[in-house]
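Undergrad: Below you will find the structure I want to go over with you.
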Amino acid sequence: MRKHLLISLFHGVVLTLLSSFAFSIQAGSPEQIIRNNCVGCHIPESDDKLSRISYQRRTPEGWEMTIARMQLMHHVRISDQEIPISDEIIQKLVKYFADRQGLAPSESANYRYILERRLNVVEQHPDAEFAVMCARCHSGARVALQRRTEQEWRHLVHFHLGQFPTSEYSAGGRDRNWFEVALNNTVPYLAKHYPLKTQAWTEWQKVKKPQLEGSWRLIGNQPGKGDFQGVMTAIETEKDNYKLSVSGYYANGDSLTGEGSAIVYTGYEWRSTLTLDTQVFNQVMAANGHGDEMSGRMFLRDHEETGIQLSATKMDGKSRVLGVMPNHIKAGTEQTLRLVGTALAGDIVLAKGLMITDTVSRDSENILLKVKAAKDLAVGNTDIKVGNSRLMNGLVVYDQVSHLEVEPSYAVARVGDNGGATRKTLASFQAVGYSAGVDGKPGTEDDLRIGYLPAQWSVRAFNAQAEKDQDVHFAGKMNKNTGIFTPAAAGPNPKRKYSTNNAGNLAVIATVQQGDKSVTGTGQLLVTVQRWNNPPIR
Amino acid sequence: MRMTKLMIFLTNLSARSLLISTVMLMVGCSQAVTKTDPDGYPKAAPKDYMVIVNRPNRVNLIDLTTNQIVRSCQLPGTAAPGTVVMSPDNRIAYILADHFSNVYGVNIDNCELVFSAFQSYANIRIRSLASIAISPDGKSLYTHQNPVRLLSDHFEVMDTRIAVYNTADGLKAQPVKTYPAPRQVTIMATDKNGTLYLGAPDIYAMNPNTGETRLAIKSRGLETPHFSQRDSLTVWPIGSVSNEFIRMYTTARYQDETQDIDKAKWLWGYERIDLTTGEAESREFGPLEVVLFTGMTRPGDKNQMYAVLTQLKKYDVSRQQELMSVDLEHTYYCLNFSTDGSKIYLAGTFNDIAIYDADTLQKLGNIQLTGGDMSMSTPQIFAREI
């Protein structure tokens, strides 16, 4: 979307490749692979360092992308035949580099959305010039998830302009002397904010890395589908490699069960692939320092936009209340609530005015309760206690939904399929309910977030242009019950003016019924064209 | 960042329109009949012809009297971008091809390849955006080069330059001279005296005998309190039939010193060099309502400005008014005129050329090319005897 005409035009550019180097990859240790395949172009230096390679740090996905580029652009070869490096060998190299030249947890913490493929996050860059210089073709996170010496940042600028000459011609580039600004302003900026040597990394290298074997209590939420909980068991098969089994359930009773495997990079970067029922999922999570919690996202490999925001808690015998499903109850109603936790035992204590009318079932991970909330109950967050463990503010008591927010407030869906190579990118929305709080006025400080509420969904034209172009008709269909939008097919549509494709600019409307009054919330959905390549870090 | 709104607008639009052509290319375009040249065309009075490139590698000579393709030559490389400049005698089409890298000279009377320049050499890779031009005596070909040195483990972007080739050097010509030149050059042209104009952030005039360069039109560098920074993007060196080097720009006119962009009025303007007199001018010519890719003044009357993308529009320059606008069947990137200024030819995007009456903007017909789309090729029109 951000790309201007010329960038796209250059995409097809076939490059004059450096073909004079031929290396052979032999299976073996990473060191051997590197010696056989990277040395020759990359020059060995003292202390086992290699030119370029030793002066950069990045995420596993970052290493994967760079090594893929070495193969694609610079023809790293096996023997003298042009056989692509096998996935297995790439895997070995990624692991090797990510462990030795990765990012500390605190260095990746603010940019996990890009690793988790949460592509609707609207980035906020503290520096406006950085945003235009470096975050208009790809995310700023792609940059912020690397650490380099100043010289390496400079090399990167030369690589960009050398490889993508349109960088300085496209919108956001041609309004300034791009190359000069990049060298004189951006490189020092990057070297200052994202230097190779940091205290965080020095310390993380010394820390004993958490042990992640065991059973994990999963809890999460999937837009369009609702709350999710389950158990994942991880057995370490070799260092940093795990065999996994998952059994999980959505709140509506659908199950998600299967097996897979995980690799841990840099001591905390959890990456797994699982086949659950018939679908392949990936997990991207970060473990905490104690190794008793991981958080991140589990998404469909082939539809990254569809997935569960997930946290995993080690089932280490410690009693914990992790969540309540749903997390809210309306004053004056009776409702079934599920308490999710680990080693749950002992008496259940809810806030005053919340009466347990029935304990439907209970074991150490799940407690199913029927709870009645008194009519005049005070609105607010309440705690839940089971035995000695307490979940603070785990259950919201509310009276009226005063307003709704659509989450995400801005999303992008992409046309696809229709015989083309690119799948559709769906967009899933959720309605977050708010109560006006004690003062009864919405939009004030004491507003209370209730949580995700079931809503009815619809779309309309976002503005006059979208109305005129009949975007609602052409761009795709909103499922009125789930909030999942399926964009239309790719390609020019002869029924549209100028045979344009099925792009559109839509307002997304969530409606929740409150007695005979309805409360609505609005978001925006841009339906646009496919991305032709979808690297792990956008 | 003052241009944000327009940038988004432009981006959306180009994403939409570009996709069309990409997809059309993938599914293969419709067939058309090509009439190849019967030998021994009778000598006739000068008539209008067009030269344009389409995919995968065709250079077409079109008779604009009959709207038939006279000849379709094969380029040894791939079409993109297909920027065309004609030799002064209009016999040789110089074409930037092979993904912005090589230049071929094709004799359009017999399809003979008479010139080639492979710009990259050793470990230096060279791209030219759409910037090629020819001297008025036809002896020198100019390209603007973006070189990068590919070293074993890093790249090094080099200074940009103008390369001068002798057209007489024929195949595999090497530059005979290079001059330092500004970065970010897209289109170029020469005037009657041989001055070379470079469409860069500002427009520069270079003496190609000495490399001496002066500012011809201040554009991006212009600081006028009542206007936002100009923005210009063109890769189409059109204008020869109107004897002009021309490119359009967008700008916003502020209401007052507060430079409130929301209250500003968006305008189209052009920067123009008269290729006979060398006279330079730049001015706004109408309101910015839709995105347009190319525009030219009408041969013989530079107060009439025409521009195109999804619509074909006609402007009264002195009154800064849009006079007429017609919706097109699809986007056309590039327009040009018949030499007498009576007809407009719309090209680029797909593989059909649309013909319009310049007075009424009535559609007169289409010319179908055989093969793929024209993409960003430049249609050059000229009158000669064949």
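The values are calculated or read from the model by the stated rules, or taken from the named source; none is laboratory data. Computed from a predicted model, the values in this text were never measured in an experiment. Cβ sites come from the backbone with ideal geometry, for glycine too, and all protein chains shown count toward neighbours. The area values use the complete protein model at the heavy-atom level, side chains included, leaving out ligands, DNA and RNA. Shrake-Rupley method; radii C 1.70, N 1.55, O 1.52, S 1.80 Å.
Undergrad: Mind checking the mean number of beta-carbon atoms from other chains within 10 Å of the Cβ atoms in B:92-102?
TA: Neighbouring Cβ atoms belonging to other protein chains average 2 per residue here.
Undergrad: How large is the helix-only mean residue ellipticity at 222 nm for chain A, computed as the sum of -39500 (n - 2.57) over DSSP H runs with n ≥ 4, divided by its residue count, in deg cm²/dmol to the nearest 500?
TA: Mean residue ellipticity at 222 nm (helix-derived): -5000 deg cm²/dmol.
Undergrad: How much net charge surrounds B:PRO147 when only other residues with a Cβ under 14 Å from its Cβ are counted (Lys, Arg +1; Asp, Glu -1)?
TA: Result for the local shell: +2.
Undergrad: Using a Förster radius of 56 Å, what is the FRET efficiency between A:LYS318 and B:TRP266 based on their Cβ-Cβ separation? Nearest 0.05, please. Spell out each step's value before the answer.
TA: Values: r = 63 Å, r/R0 = 1.12.
After rounding, the FRET efficiency stands at 0.35.
Undergrad: Normalised by the empirical 2.2 N^0.38 Å for globular proteins, what value does the Cα Rg of segment B:127-272 take? Let's see the in-between values first.
TA: On the way: Rg = 17.8 Å, N = 146, 2.2 N^0.38 = 14.6 Å.
Normalised Cα radius of gyration, segment B:127-272: 1.22.
Undergrad: Here is a further query. For segment A:215-314, with every protein chain kept in place, what is the accessible area per residue (1.4 Å probe, Å²)? Walk me through the numbers before you get to the answer.
TA: Values: 3620 Å² over 100 residues.
Normalised by residue count, the accessible surface of segment A:215-314 is 36 Å².
Undergrad: Give the aspartates and glutamates whose C-alpha is closer than 15 Å to that of B:LYS343, dropping any in the same chain fewer than 8 places away, or say none.
TA: Filter leaves B:ASP48, B:ASP63, B:ASP301, B:ASP357, B:ASP359.
Undergrad: Still on this structure, I have one more. Most fluctuating residue of B:ALA130, B:ALA189, B:ALA358 in a GNM of chain B with Cα springs under 10 Å: which is it?
TA: B:ALA358
Undergrad: Projecting each Cα onto the charge dipole of the protein assembly as shown (Lys/Arg +1, Asp/Glu -1 at the beta carbon, about the Cα centre), which of B:TYR315, B:ASN193, B:PRO237 comes out farthest on the positive side?
TA: Checked the options; the winner is B:PRO237.
Undergrad: Work from the charge dipole of segment A:403-528 (Cβ charges, +1 for Lys and Arg, -1 for Asp and Glu, about the Cα centre) and give the residue of A:GLY523, A:ALA436, A:VAL415 farthest towards its positive end.
TA: A:VAL415
Undergrad: Any chance you could list the semi-axes, whole Å, largest first, of the equivalent ellipsoid that the Cα gyration tensor gives for chain A, using √(5λ)?
TA: Calculated on Cα positions only, the semi-axes equal 43, 32, 21 Å.
Undergrad: Placing unit charges on C-beta atoms (Lys and Arg positive, Asp and Glu negative, everything else neutral), compute the dipole magnitude of segment B:232-386 about its Cα centre in debye, rounded to 20.
TA: Values: 14 positive and 22 negative charges, 33 e Å.
Charge dipole of segment B:232-386: 160 debye, to the nearest 20.
Undergrad: More than 38 Å apart: what percent of Cα pairs in chain B qualify? Spell out each step's value before the answer.
TA: On the way: 11320 of 74305 pairs.
It works out to 15 percent of all Cα pairs.
Undergrad: Right, here's the next one. Given points 7 Å out from each Cα along the Cα-Cβ axis, report the A:GLN524 to A:SER29 separation in nanometres with one decimal.
TA: Computed distance between label sites A:GLN524 and A:SER29 equals 5.6 nm.
Undergrad: Under a point-charge model restricted to the Cβ atoms of Lys and Arg (+1) and Asp and Glu (-1), what is the dipole moment magnitude of segment B:45-384 relative to its Cα centre, in debye to the nearest 20?
TA: Value, rounded to 20: 600 debye.
Undergrad: Leaving out same-chain residues fewer than 8 places away, which aspartates and glutamates sit with a Cα under 13 Å from that of A:LYS243?
TA: Partners found: A:GLU213, A:GLU259.
Undergrad: Bin width 5 Å, alpha-carbon pairs only: give the P(r) of segment A:403-528 as whole percents, running from 0 to the bin holding the largest distance.
TA: 2, 12, 19, 20, 16, 12, 8, 6, 4, 2, 1, 0
Undergrad: Which residue, chosen from A:ALA489, A:THR511, A:GLN456, occupies the Cα position most advanced towards the positive end of the dipole of segment A:403-528, where the dipole is computed from +1 (Lys, Arg) and -1 (Asp, Glu) charges on Cβ about the Cα centre?
TA: After comparing all options, I get A:ALA489.
Undergrad: Could you compute how much accessible area chains B and A hide from each other, both sides summed, with a 1.4 Å probe? Nearest 100 Å² is fine.
TA: 4500 Å²
Undergrad: Around A:TYR250, under 10 Å between beta carbons, what's the net of Lys plus Arg minus Asp minus Glu among the other residues? Present the calculation step by step, with values, prior to reporting the outcome.
TA: Numbers: positive: A:LYS225; negative: A:ASP227, A:ASP254.
Local charge sum for A:TYR250: -1.
Undergrad: What FRET efficiency do you get for A:ASP363 and A:HIS290 if R0 is 35 Å and r is their Cβ-Cβ distance, rounded to the nearest 0.05?
TA: Computed FRET efficiency for A:ASP363 and A:HIS290: 0.85.
Undergrad: Let me know the mean shielding of A:496-505 by other chains, meaning the per-residue number of their Cβ atoms within 10 Å of its Cβ.
TA: 5
Undergrad: Ok, one more. For the protein assembly as shown, build the convex hull from the C-alpha positions and give me its volume per residue in Å³.
TA: Each residue corresponds to 187 Å³ of Cα convex hull volume.
Undergrad: Apply 1/(1 + (r/R0)^6) to the Cβ-Cβ distance of A:LYS480 and A:ALA109, taking R0 = 51 Å, and write down the FRET efficiency to the nearest 0.05.
TA: Rounded to the nearest 0.05, the efficiency is 0.85.
Undergrad: Still on this model: Give me log10 I(q)/I(0) at q = 0.16, 0.19 Å⁻¹ for segment A:215-314, Debye formula, one equal scatterer per alpha-carbon, no solvent.
TA: Taken in order of the listed q values, log10 I(q)/I(0) reads -0.60, -0.86.
Undergrad: Can you bin segment B:88-212 into rounded, prolate or oblate? Criterion: square roots of the alpha carbon gyration tensor eigenvalues sorted a ≥ b ≥ c, rounded for a/c under 1.5, prolate for a/b above b/c, oblate for the rest. Each step should come with its number before you reach the end.
TA: Working: a/c = 1.98, a/b = 1.22, b/c = 1.62.
Here segment B:88-212 falls in the oblate category.
Undergrad: Of the heavy-atom accessible surface of the protein assembly as shown (probe 1.4 angstrom), what whole percent is carbon and sulfur?
TA: Reported share for carbon and sulfur atoms: 50 percent.
Undergrad: Another one. In segment A:403-528, what is the count of Lys pairs whose alpha carbons are under 17 Å apart, counting only pairs at least 8 residues apart or on separate chains?
TA: 4
Undergrad: Beta carbons within 10 angstrom, averaged per residue: use that to sort the peptides A:529-538, B:60-69, highest first.
TA: Working: A:529-538: 16.2, B:60-69: 18.6.
Top to bottom by mean Cβ count within 10 Å: B:60-69, A:529-538.
Undergrad: If the only charges are +1 at each Lys and Arg Cβ and -1 at each Asp and Glu Cβ, what is the size of the charge dipole of segment A:293-444 around the Cα centre, to the nearest 20 debye?
TA: Using Cβ point charges on Lys, Arg, Asp and Glu, segment A:293-444 gives about 140 debye.
Undergrad: For segment A:159-181, list whatever residues lose no less than 50 Å² of accessible surface once every protein chain is in place, relative to that chain by itself, with the probe at 1.4 Å.
TA: A:GLY162, A:GLU168, A:TYR169, A:ARG174, A:ASP175
Undergrad: Take the Cα coordinates of segment A:135-275, assign each an equal point scatterer, and use the Debye formula without solvent to give log10 I(q)/I(0) at q = 0.16 Å⁻¹.
TA: -0.90
Undergrad: Mean-square fluctuation check for chain B, GNM, Cα pairs under 10 Å: which of B:ASP260, B:ASP373, B:ASP202 is largest?
TA: Taking springs between Cα atoms under 10 Å, the residue moving most is B:ASP260.
Undergrad: Would you mind putting A:62-75, B:230-243, A:235-248 in packing order, based on average other-beta-carbon counts within 10 Å, highest first?
TA: Going from most to least packed, we get B:230-243, A:62-75, A:235-248.
Undergrad: Here is a follow-up. Evaluate the Kirkwood expression for the hydrodynamic radius of segment A:107-206, namely the inverse of the mean inverse distance over all pairs of different C-alpha atoms, and round to one decimal in Å.
TA: One over the average 1/r among Cα pairs gives 14.5 Å for segment A:107-206.
Undergrad: Less than 16 Å apart at the alpha-carbon level, and either on another chain or at least 8 residues along: which lysines does that give for B:LYS265?
TA: Counting by Cα, and skipping residues close in sequence, B:LYS265 has these lysines nearby: B:LYS5.
Undergrad: A further question on this structure: Quick check on segment A:320-398: what does the Kirkwood estimate of hydrodynamic radius come out to from the alpha carbon pairs, in Å?
TA: When all Cα pairs of segment A:320-398 are included, the Kirkwood radius is 12.1 Å.
Undergrad: Radius of gyration and Dmax for segment A:117-175's Cα atoms, expressed in Å?
TA: 12.2, 33
Undergrad: With a sphere of radius 9 Å drawn around the Cβ of B:TYR179, what net charge do the other residues whose Cβ falls strictly inside it have (Lys, Arg +1; Asp, Glu -1)? Show your work: numbers first, answer last.
TA: Working: positive: B:ARG161, B:LYS177; negative: B:GLU212.
Residues near B:TYR179 contribute +1 overall.
Undergrad: Can you give the convex hull volume of the alpha carbon atoms of segment A:28-122 per residue, in Å³?
TA: Output value, Cα hull per residue: 121 Å³.
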